[in-house]
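Below is one structure; the comments refer to it alone.
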Amino acid sequence: MTNSITITGNLSTDPQIRYSREGVAETTLTVSVDQAEGEPGPDLVTVICHGELAENVCLSLVCHARIVASGRLLVTSQSFEDVHPVCQYELWATEIGASLRFATADVSRVRRARDQA
C-alpha cells in the first residue's frame with residue numbers, strides 16, 4: 001500500500017542535481033509549505049526526483065518559484081518540542097510543475113534522442 005500526496009509551496013533554494021554512477025539524474029529541492037491558520041511557521045519539505053523529471057526541474061525552476069509536487073511522502077525523523085511533534089519530511093516526487101496561481105509559464109516539449117527514432 002502506498003500513499004500519495006500533493007504539496008504546494010515555494011522553493012527555498014535553487015534545485016541541485018547530481019548523477020549516480022549509472023548516469024541517472026537526481027534532483028533535490030527544499031520547499032517551504034505554509035501551515036494551516038493558527039499553526040506555527042512553515043514546514044520545509046525535501047522533494048527528491050529522478051531521471052528526466054530531475055533534469056527538467058533543474059532547467060525550469062529557480063529559488064522562490066511556487067511549485068506543485070506530487071508523490072510519496074516519507075517522515076524521515078520526528079522529535080518533540082514541549083508536547084508538539086516536529087517532523088522532517090521527504091517527498092519522492094512523480095510529478096512537479098510550476099504553480100500558475102501567481103505566474104504564467106511557457107511550456108515546451110523536450111526533444112530527446114529516442115524521440116527521433
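What follows draws every value from the coordinates through simple rules; no lab data is involved. The shown structure was predicted, so the numbers you read here are calculated from the model rather than taken from an experiment. Positions of Cβ are generated from backbone atoms using ideal geometry, with glycine treated the same way; all protein chains shown enter the neighbour counts.
List of remarks:
- With both labels modelled 7 Å from their Cα along Cα-to-Cβ, the SER20 to ARG111 distance reads 3.0 nm.
- Footprinting exposure proxy for GLU22, GLU90 (fewest neighbouring C-beta atoms within 10 Å first): GLU22, GLU90
- Dipole magnitude of the stretch 5-104 about its Cα centre (Cβ charges: Lys, Arg +1; Asp, Glu -1), debye to nearest 20: 280 debye
- Peptides 13-20, 91-98 ranked from most to least packed, by the mean per-residue count of other Cβ atoms within 10 Å: 91-98, 13-20.
- Shown is the FRET efficiency for GLN35 and TRP92, computed with R0 = 22 Å from the Cβ-Cβ distance and rounded to the nearest 0.05: 0.50.
- Backbone geometry of the stretch 18-26 corresponds, through the Karplus equation with coefficients 6.51, -1.76 and 1.60 at θ = phi - 60°, to 3J(HN,Hα) couplings of 8, 10, 6, 4, 7, x, 8, 6, 9 Hz, x marking Gly and Pro.
- Proximity of backbone amide H atoms, modeled 1.01 Å from N, is registered between SER99 and ARG66, ILE67, VAL68 at under 5 Å, excluding neighbours fewer than 5 places apart on the same chain.
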